[in-house]
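S.K.: Encoded as structure tokens, here's the structure I'll be asking about.
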Amino acid sequence: MSVLLSRLYDDYASAHNAVQRLRTAGLADSDISLLASNADGWYKADAGGKPSAVDPQHDKNRDGADDRAQGAALGGGLGAVAGGAAGALAGLGLLAIPGVGPVVAAGWLVATVAGAVTAGAAGGIIGALAESGVSKENAELYAEALRRGGALVTARVSDSDQSKYAAVMDQAAVDLPSRQAIYRNDGWKGYDQNARPYDAAEVERARAQYRRAG
């Protein structure tokens, strides 16, 4: 019997590291999925799915590709960068999610999320996450976190391995009750598909707020 584990991280880099740890611990790529905000524009792709318009500070080896996108594609086991939104972590694509904004997505969960967004299904990403086994309360928190620059890693694991992989994912993960309290204090009342996505400056301010909150 399999169970779903999901953890929230403050940025793509932290989520990428979690994916790496899961793979090192023995979890197959086909059981891992990642959704990461692209509000700060860390990942750029042309129509063919290849990185473009790279900021030099993120192209240390000067090969014309964003080092972070390459890390997702190669180091993180996401395979070649591609626009497709189906399959295991072999596909890395961009989704525009109502009430959340631009999201870089890869893994088994992507097809469900992309399908809900494309079809304009009620609840959109919330319904997609709930369908995959995430509670509605957590799904709304995850959506808001993505809107504010966060990243989500989900893993399908056997019941007997749940504790093992949960411990792996807990490293650097966000404490959900504390983060929910911050959102509530900011006036957040739940997922709103009409909410305006954060821009890069707002994402950085949000991350600074979380660092101050400890």
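S.K.: Could you list Glu144, Glu137, Glu131 in order of exposure, starting from the residue whose Cβ has the fewest other Cβ atoms within 10 Å? Could you put the intermediate results ahead of the total?
M.R.: Details: Glu144 22, Glu137 12, Glu131 16.
In order of increasing Cβ crowding within 10 Å: Glu137, Glu131, Glu144.
S.K.: So who's got an amide H within less than 5 Å of the one on Ala195, skipping anything under 5 residues away but keeping other chains? H placed 1.01 Å off N, in plane.
M.R.: Sorted by chain and number, the residues that satisfy this are Gly99.
Here, each number is a calculation from the coordinates, and none is a lab measurement. Computed from a predicted model, the values in this text were never measured in an experiment. We place every Cβ from the backbone using ideal geometry, glycine too, and count neighbours over all the protein chains shown.
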